[in-house]
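Trainee: Pasting a structure below so you can have a look.
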Amino acid sequence: MCATLSGCFTSPPQIIQLIPNRGAVGVAADAPVTVEFDRAVVRSSVQDRFSVNRPIPSCNLDAAFHAGPLAPCRIVWLSGDNGFTLLHPRAIFAPSTSYTFTLAGGITDPSGQ
């Protein structure tokens, strides 16, 4: 018996790099947070799925996706929309505090994967 499968079998965008690395300690209070994917993603699919377990002082994470360069924190997209960096030079991490960033499932690429 022989079976033939047709169609396109693809996976959703995958995270290929995190800076700082998962579980990092001793991170600078103003260290950027970067997430890089294996391909371009739809920006709006990331915005509603990116969160942090406790507020970063003076940073509105939802507003960061549309903030300008003088905002306390802002999201800057990598070339090709294959990732982003959270810059927060005027919204520093609180000392001796653990922050957990989460990207919930459902992030898509421009083809809808």
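Trainee: With bins 10 Å wide starting at 0, give me the P(r) of the chain over every alpha carbon pair, in whole percents.
Mentor: For the chain, the binned pair fractions read 13, 43, 28, 9, 5, 3, 1 percent.
Trainee: Let me ask you something else. Of all accessible surface on the chain at a 1.4 Å probe, what whole percent is carbon and sulfur? Before the final figure, lay out each step's value.
Mentor: Numbers: 3930 of 7100 Å².
Carbon and sulfur: 55 percent of the exposed surface of the chain.
Trainee: Now for a separate question. How high is the FRET efficiency from Asn60 to Thr102, r the C-beta distance, R0 25 Å, rounded to 0.05?
Mentor: It comes to 0.90.
The values are calculated or read from the model by the stated rules, or taken from the named source; none is laboratory data. The model shown is predicted, which means the values in this text are computed figures rather than measured ones. With ideal geometry, Cβ positions are generated from the backbone for all residues, glycine too; neighbour counts draw on all protein chains shown. For the accessible areas, the whole protein counts, side chains as well, though only heavy atoms, and no ligand, DNA or RNA atoms are used. Shrake-Rupley method; radii C 1.70, N 1.55, O 1.52, S 1.80 Å.
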